[in-house]
Structure formats: structure tokens, C-alpha cells
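The values are calculated or read from the model by the stated rules, or taken from the named source; none is laboratory data. Everything quoted here is computed from the prediction, not taken from an experiment. Note: ideal-geometry Cβ built from the backbone for every residue, glycine included; neighbour counts use all protein chains shown.
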Amino acid sequence: MANSIALANKFMPVLDEIFKRESLTAIMDAQTKPINFLGANEVKVYKTSVVGMGTYSRANGYPTGDVTGTWETLTLASSRGRAFSLDRMDDEETLGMAFGTLATEFIRVSVAPEVDAYRFSKYASWSGISSPTAAALSTAAEVIAALRVATSTMDENEVPDGRALFITPTLLGLVEDQDTTKSKEVLSRFSSIVKVPQTRFYKGITLDAGASSSAGGYSKTATTGRNINFLAVHPSAVLQATKLAQLKIFSPDDNQSSDGYLAQYRLYHDAFVYENKVSGVYAHVKDS
């Protein structure tokens, strides 16, 4: 098994780098608070609420205020994985390219898009976030107006600067093509702007169980799934938790099922919006 451990240790840093490069939500990973899920599939996050100030009395001093502390439970729900087998001769006859590119392509083509889609869907579906009536946006004027409402809403809710805008390339293109003061001003209100293909930008996705070797991945939920136009997120409002991202690689000599390389990848993760920071997420969703 020593060869397997060595190969896994060699591949994991590469796969982590590829995921961070290909994932569109990875920009918020480092900005979320570290949460320890060790030994459990849920953690409790402490949150505090306090009352405002009262009138100070020279006779009685400070008015007493209540402090309320509650525990918010976060439970991991997404456990995904896949195993691939590649015959020793298939790899040898492609000069080692077949197995060498398998893991990296899997992360780039399958893992990163699914993780993004899962996170976007969770955020857009979260109870209590800001979200206007679902509607299509077909003109630059409509997009600019919708973005202005979003920024104004977040300003009124005292969401700090540093917000990220996730938006489809089509809608961003409409705004950029205007080349007006209004379009530039509304986009400047976001610290980062990320173009998200519609194929991973849904409110409501279905994860395929992948019971057969030709199935798997995710899709927009039939009937109830909706396209997301744009999503404004302050990174401090969300938690992108990964408890396990593990790659195991077995050489043909270690693989007892066949004379081939065996790669097994498992990802145990989830995404959350903090209850007291729901105003830090604004989702504009299409009506279809």
C-alpha cells in the first residue's frame, strides 16, 4: 500500500490547486470562519443578540439590557464520491497520459462545477435572504436597475463593503456593452465580479446518485428549478465547509480487483448561510 499513499500525497496538492482555479465559489473559502466537524456531522455556532441603548439616568445609572445567546446547528448533508479503474496496459500504451490526466480532468469537469452549483443553489434557496419577485432580465437597462435595487437593499440592511457579484456572462455582457456612467457605477459597487455559466447557476438542483458507471453529476431540478440571474454575497455571511476531500490511488500491484490503476475520490461538504447574516445574500432569480 505504500505506493498508493505516495501517489495520493503527490496528486492531492495538484487537485486542490485545480479545484481552486476552476471553482467559481472558491474565492469565498478563505474568508469563511473555520468550523471543526471532527467526530460529528454537525456543529453548533454560537450567536448573540443584544438590545439597543436606553436613556442614562443620573439617579439610577445605566438601564439594564438583555443579552440573548443561542446555538445555530449546521449539519453536513452532501457526501459524494466516485471510483475509476484504468487497465495497466491502457495507461502504458498512452505513455502514462491516460491515468495522469484522469484525476485532474475529473476535478475540473465534474467536481468543481458540481460544488459551485450546489453552493449557489443552497444560497439562493436559503430562507430569509433578500430576493425580489422572480423575473427575466433581457435588456441592459433591466439588469442595471436590478443591480441597483440589490446594492441599495444591501446598503439599507447595513451589509458592509466587500461584496462579490456572481452573474451570468450574458447579463454581464449587456451591462458592459452599455459603457455608460450608470453601468460602470453599479458594477463598481462590488469588490469582485465573477461570471458564472448558466449551467451551474440554478436555484434548485438534483444530485444524481450515480448508481451506474455512466451516470452521476447534477442537473437543474425538473419543474421547480429556476435559473439564477445574479447573486450578490458578502463572504462573511456564508460558510463553505469541507470535512473530507480525499483521493486514494491503488497501483495495479495493489489493486486486487483487476490489473489496473484504481482511483477513489470522496468529498464530504456543505454550504450554509448564517442565520444572523442572511441580509448578506441577495438572489435575483429568473421565473423559469
Inset, instruction - Tally the residues that are surrounded by 12 or more Cβ atoms within 10 Å (Cβ to Cβ) and farther than 23 Å from Thr206 by Cα, restricting the search to region 64-84. - result: 2
Inset, instruction - Answer yes if at least one residue in region 244-262 is under 26 Å from Thr70 (Cβ atoms) and in contact with a Phe, Trp or Tyr (Cβ under 8 Å, 6 or more places away or on another chain), and no otherwise. - result: no
Inset, instruction - Can you tell me which residue within region 233-285, out of those that are outside any strand (DSSP E or B) and within 18 Å of Phe190 (Cβ to Cβ), is nearest to the chain's Cα centre (by Cα)? - result: Pro235
Legend entry - Positions within region 158-190 being surrounded by fewer than 13 Cβ atoms within 10 Å (Cβ to Cβ), in contact (Cβ under 8 Å) with a residue 12 or more places away in the chain, out of contact with any His (no Cβ under 7 Å at 6 or more places or on another chain) and not in a helix (DSSP H, G or I), in sequence order: Glu158, Asp161
Legend entry - Condition check for Phe106: of a type in the set (Phe, Trp, Tyr), modelled with pLDDT under 90, closer than 20 Å to Ile18 by Cα and under 21 Å from the mean Cα position of the chain (by Cα): yes
Inset, instruction - Mind listing just one residue for me: the one in region 191-216 that is buried (at least 17 other Cβ atoms within 10 Å of the Cβ) and part of a loop (DSSP other than H, G, I, E, B) and, of those, farthest from the chain's Cα centre (by Cα)? - result: Gly204
Legend entry - Residue count, region 47-63 (criterion: charged (D, E, K, R) and either surrounded by 10 or more Cβ atoms within 10 Å (Cβ to Cβ) or under 30 Å from Ala237 (Cα atoms) (or both)): 1
